[in-house]
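Structure first, then comments.
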Amino acid sequence: DTWVDWQGTAHSGLAEWNYVTGPAKEGEKNALTHDKGHHGWTPEYFLSQVNAKLQKEMHLEMEEMLAVRLYTGAPYQVINKFLRAVSSVQGIWRKVLVENPKVTYAATA
């Protein structure tokens, strides 16, 4: 899947997934601050750093940390649009929508 963001930049879901599941590359995705100070961090290292800062009763699983990385990057626009659409659907139709892999990342797990 592909999309164009509000600045006219084209993105690919596969490329974004590959980015968040591989080692971070400072500034590669966004010339301003993307992954600033995190160059070379692997998903496992990100997860260890996040969990070290959380209270002992809390921790993230790898899937949750990857979701955070996706949501704070270019896929934000697509994910947020989907979440807003889901919030406007009621009853059984909401369940049908979120379980359809043709229209959501939520059904891929």
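The values are calculated or read from the model by the stated rules, or taken from the named source; none is laboratory data. Everything numeric in this text was worked out from a predicted model, so none of it was measured. As a convention, Cβ positions derive from the backbone with ideal geometry for all residues, glycine included, and neighbour counts pool all protein chains shown. We work out accessible area using only protein heavy atoms, side chains counted, and drop any ligands, DNA or RNA first. Shrake-Rupley method; radii C 1.70, N 1.55, O 1.52, S 1.80 Å.
Numbers at a glance
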quantity	calculated
Cross-link partners of Lys36 among lysines (Cα-Cα below 16 Å; sequence separation of 8 or more within a chain)	Lys25
Choice from Val89, Val98, Val50 showing the highest fluctuation, given a GNM over the chain with Cα pairs closer than 10 Å	Val89
Range in the chain, longest, excluding exposed GluC sites (Glu not before Pro) [loop by DSSP; at most 10 other beta-carbon atoms within 10 Å]	1-56
Percent RCO, i.e. relative contact order, over the chain, from Cα pairs under 8 Å lying at least 6 residues apart	17
Lysines with Cα under 26 Å of Lys102, excluding same-chain neighbours fewer than 8 positions away	Lys81
Normalised per residue, the volume of the convex hull around the Cα set of the chain (Å³)	128
Per-pair calculated FRET efficiency, R0 = 30 Å: Val98 and Tyr45 via Cβ, rounded to 0.05	0.45
Fraction of accessible area attributable to carbon and sulfur, region 33-109 (%, probe 1.4 Å)	61
